[in-house]
Amino acid sequence: MKPYLQYLVILLDDTSVAYCHADNPLKERNLMPIETLKKAILFGMKQNLMIQYVYPEYELPAEYDETIESIDNLKIGRDVKVTNEVPAAVDCDNIVLRIKIKDLIAKQYDIAALLPNVKRMNICLTDIETFKDEQIAEYKKALNTLGAVLTSLYKEQKHPQLNILTDRLTLKEMHNCEAGIGNITVAPNGKFYLCPAFYYDEKTGVSNKMNYKTKDASRSVGDLENGLCIPNKQLLELDHAPLCRNCDAYHCNRCIWLNQKLTWDNNTPSHQQCVIAHLERNAARDISAKLSEAGYNLPEIKEINYIDPFDVKEEW
Amino acid sequence: MSKIIKDIQNPWQEDTAKSITFIVTKDCQLACKYCYLVGKNETERMTWETAKAAIDYILDHEEDRNFKQESVVFDFIGGEPFLEIDLIDKICDYIKSEMFRRNHHWFNSYRFNFSTNGINYDSEKVQKFIEKNRTHLSIGITIDGTKRKHDLNRVYKGSEKGSYDDVVRNIPLWTKQFPEAGTKVTISSADLPYICESVLHLYDLGIKQVNINCVFEDVWKEGDDQLFEEQLTELADKIIDGGKYEENACSFFSENMGKPLDCKLQNNNWCGAGRMLAVDAAGNFYPCTRFAQYSLRDKEAWIIGNTKDGIDENKLRPFLTLDRCTQSTEECKDCEVAEGCAWCQGENYDAAKTHTVFERATAICKMHKARVRANNYYWNKLYRKLELEGKREEFEQNKPTNKTDIC
């Protein structure tokens, strides 16, 4: 089924935790006014959207509690813990680990040691744009380290999820970030953004190529008063992404914010994003082969001879 | 007869040559009213140091996929390129000597190409340059047709004085030196009444190939398509009845247009943006000149690198993955006369709602449809005539393969 809008991400404050690739550079508190929050919740209810609140580190005023709990929700930064450091131990089922590539490589064994104690770990690489082809071997090795631990655990019938390796094991089609298609973000100013990163860019004056007239600083795609208005929305969809629609790195985030930042077009991934996703895909293939030998019935992941689909685009 | 047409309609090594454009100046003697170069100026002139750095970078990267094509065409544009003839002469000498010194695979497979307004074509310096590089040279002079058509748009900077007289005096010399050369004619709304007389006038001047196209910008008024169709129909009659199709060609008439296209089998992009490379006075690289700032109304330049840091391959990826259907509207995809409908990637980008090259501008739609109707008329009439004269088979065997539009 074609993705459709299912999630509303509500940034409760300018300093809400970053939980994906983009860092949050905003340091000054700017709490979403409670009336705006109510309007956002109403929008979510009427559009039948699942609410995901993104919390700041500080405690919200008590009067927000009743409003926040007026609808089913997930609390990022509370229910889902977000950390920028590899913790010594984990005390929650779901954790988002935001980490630089070199740190992941350096701390691969520390991360692997956490896997038996989580239900799901999402690893977000925060510096994909810096990835160099010279790092391919090191990243592959780190993935193999993590893959070996996961394989052992699965053979013991323990099934922790690690987004960059286990998601691909079961996926049969693309399952990406889907910003603007499957989810939309509302910021404390009551405006919609494709994802929090676009709001950060607007607030900090970073040109990220989204806007119609490039001299206009706005990155918003509508507001709570007038609704959503996403120009060239079709370019967010998979069938309008020539490289991605033929790709089988199904777990890839396909981060459109990174696409804009690195290739200047929403629908075109960078070399770095493609290579990293394919190294993960191939590592998942290795895990899949071992688990199949152990009796798991998993969809086939084919052997391929490229790590960047751009290199074989003529064959498509 | 058709041999001549076939030769002049296929630009040199079109499919195998890398196109590298030096924007040597953003200045021009003229201020043509339809010119898409909105940021022309007298200050951005390429220095020798920048030109040399660009050449060194390009030749240093012979093995890169961006420069592995069998051949190369070095284009020189402006503004008016011949304003910088001294620099161009130095650039061409350096390219030749460096390709020889490096035993570069482009040595003996290169071309220097110019689009000029023709005003100083007969100057001593330009003529000396032509003499020196004659065997590796293509030059196109832009003359828009009759005096009234030409002077309607192609006027001197700072005045309304037309440039026709200063250009037409150089046409005999040019056609003598480059008998196979073609001219490029641009049609905007105000030019429509003069299309027929202009093409015929250019034939009379000895220009056998007239490359003519409507501007891609959103300039078309109510009724322009009807006027366009009438002009092309009249032109078709004059060409066919006068037997001018035997020696001449006009890119408005092409057999390969006006049919539906398949999104799987006929999904190529129209132009070569991204496969070309342009460099400007600042040493910045662009996927084509239309992405330099002086060509853009509303968007910022799409710079893909520079002579110092090289090419950022990520910035080229959108261009090299472009296909027809991804950037087209549903109406364009379903269009029954889609074949031959052109677009300019730079205009698409400039007119797009977001920062993308994947949104096709469609301002030209009604003009294309009018052209298709006139084109159908042309070929039906021509083939019937040839049939009756018993010459159709001969024509079919030698018929030109036309590239219907030019960048």
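Total residues in the range B:281-300 satisfying the condition of being out of contact with any Ser or Thr (no Cβ under 8 Å at 6 or more places or on another chain), away from chain A (no Cβ under 14 Å) and over 19 Å from B:Thr43 (Cβ atoms): the figure is 1. Pairing each residue of the range B:79-95 that is over 15 Å from B:Asn41 (Cα atoms) and at pLDDT 95 or above with any residue that is polar (S, T, N, Q) and surrounded by 22 or more Cβ atoms within 10 Å (Cβ to Cβ), provided the two are 6+ apart or on different chains, yields C-beta distances under 9 Å for B:Phe82/B:Thr116; B:Phe82/B:Asn117; B:Leu87/B:Thr25. Applying the condition of being among the acidic types (Asp, Glu) and in a helix (DSSP H, G or I) to the range B:34-74 and asking which residue is nearest to B:Arg154 (Cα to Cα) yields B:Glu49. The one condition from (1) at negative phi; (2) surrounded by 19 or more Cβ atoms within 10 Å (Cβ to Cβ); (3) out of contact with any Pro (no Cβ under 6 Å at 6 or more places or on another chain) that A:Arg254 does not meet is (1). Taken as a whole, the range A:183-201 holds no residue that is within 12 Å of chain B (Cβ to nearest Cβ) and more than 24 Å from A:Leu42 (Cα to Cα). Of the candidates B:Leu261, B:Leu202, B:Leu277, B:Leu192, the single residue that is crowded, with 20+ Cβ neighbours inside 10 Å, closer than 17 Å to B:Cys341 by Cα and modelled with pLDDT of 95 or more is B:Leu261. When B:Lys385, B:Lys353, B:Lys366 are checked against the criterion of being out of contact with any helix residue (DSSP H, G or I) (no Cβ under 7 Å at 6 or more places or on another chain) and among the basic types (Lys, Arg), a single residue qualifies: B:Lys353. Of the residues making up the range A:260-306, those that are buried (at least 19 other Cβ atoms within 10 Å of the Cβ), β-branched (Val, Ile, Thr) and either in contact with an Asp or Glu (Cβ under 9 Å, 6 or more places away or on another chain) or within 9 Å of chain B (Cβ to nearest Cβ) (or both) are A:Thr263, A:Thr268, A:Val275, A:Ile301. Among the helices (runs of 4 or more DSSP H) confined to the range B:168-244, the ones with at least 2 residues that are within 19 Å of the chain's Cα centre (by Cα) are located at B:171-177, B:195-204. Before we move on, is B:Ile303 aliphatic (A, V, I, L, M) and either within 14 Å of chain A (Cβ to nearest Cβ) or in contact with a strand residue (DSSP E or B) (Cβ under 9 Å, 6 or more places away or on another chain) (or both)? The answer is yes for B:Ile303. Within the range B:352-386, being within 21 Å of B:Met276 (Cα to Cα), in contact (Cβ under 8 Å) with a residue 40 or more places away in the chain and in contact with a Lys or Arg (Cβ under 9 Å, 6 or more places away or on another chain) holds for one residue alone: B:His355.
Residues in the range B:277-317 that are of a type outside the set (Val, Ile, Thr), over 21 Å from the mean Cα position of the chain (by Cα) and more than 14 Å from A:Thr263 (Cα to Cα): B:Ala281, B:Ala282, B:Gly283, B:Asn284, B:Asp298, B:Lys299, B:Glu300, B:Asn306, B:Lys308, B:Asp309, B:Gly310. Scanning the range B:107-131 for residues that are more than 23 Å from the chain's Cα centre (by Cα) and in contact (Cβ under 8 Å) with a residue 40 or more places away in the chain yields a count of 2.
For the range B:306-316, a residue qualifies if it is within 13 Å of another protein chain (Cβ to nearest Cβ) and either outside any loop (DSSP other than H, G, I, E, B) or within 30 Å of B:Asn256 (Cβ to Cβ) (or both), and the qualifying residues are B:Ile311, B:Glu313, B:Asn314, B:Lys315, B:Leu316.
Quick one: in the range A:237-249, of everything that is in contact with an Asp or Glu (Cβ under 8 Å, 6 or more places away or on another chain) and surrounded by 18 or more Cβ atoms within 10 Å (Cβ to Cβ), which residue is farthest from the other protein chains (Cβ to nearest Cβ)?
The initial filter retains those residues of the range A:237-249 that are in contact with an Asp or Glu (Cβ under 8 Å, 6 or more places away or on another chain), namely A:242, A:245, A:249.
Still in the list and also surrounded by 18 or more Cβ atoms within 10 Å (Cβ to Cβ): A:242, A:249.
Working: A:Pro242: 4, A:Ala249: 16 Å.
Top of the filtered list is A:Ala249.
Residues in the range A:152-167 that are under 24 Å from the mean Cα position of the chain (by Cα) and either buried (at least 18 other Cβ atoms within 10 Å of the Cβ) or not in a helix (DSSP H, G or I) (or both): A:His159, A:Pro160, A:Gln161, A:Leu162, A:Ile164, A:Leu165, A:Thr166, A:Asp167. For the range A:264-282, the set of residues classified as assigned to a helix (DSSP H, G or I) and under 21 Å from A:Glu315 (Cβ atoms) consists of A:His271, A:Gln273, A:Cys274, A:Val275, A:Ala277, A:His278, A:Leu279, A:Arg281, A:Asn282, listed by residue number.
Kindly evaluate B:Lys52 against the criterion of being over 22 Å from B:Gly140 (Cβ atoms) and touching a Phe, Trp or Tyr at 6+ places or on another chain (Cβ under 7 Å). So B:Lys52 fits the description; yes. When the range A:230-244 is filtered for residues that are touching a residue at least 24 places away in the same chain (Cβ under 8 Å) and assigned to a loop (DSSP other than H, G, I, E, B), the ones remaining, listed by number, are A:Ile230, A:Asn232, A:Glu237, A:Ala241, A:Pro242, A:Leu243, A:Cys244. Taking the range B:317-407 and the helices (runs of 4 or more DSSP H) fully enclosed by it, the elements with 1 or more residues that are within 30 Å of A:Arg219 (Cα to Cα) and within 14 Å of chain A (Cβ to nearest Cβ) are at B:324-327, B:330-334, B:345-351. Which of the residues belonging to the range A:108-117 are surrounded by 17 or more Cβ atoms within 10 Å (Cβ to Cβ) and closer than 23 Å to A:Ile76 by Cβ? The answer is A:Ile111, A:Leu114, A:Leu115.
As a summary of the residue check, B:Ala236 satisfies the conditions (1) of a type in the set (A, V, I, L, M); (2) surrounded by 19 or more Cβ atoms within 10 Å (Cβ to Cβ); (3) at pLDDT below 95 except for the one numbered (3).
Against the criterion of being at pLDDT 95 or above, surrounded by 15 or more Cβ atoms within 10 Å (Cβ to Cβ) and either outside any helix (DSSP H, G or I) or of a type outside the set (Val, Ile, Thr) (or both), B:Phe100 does not qualify.
The values are calculated or read from the model by the stated rules, or taken from the named source; none is laboratory data. Please read all numbers here as calculations on a predicted model, not as lab measurements. Counting neighbours? That spans all protein chains shown, and the Cβs are built from the backbone with ideal geometry, glycine included.
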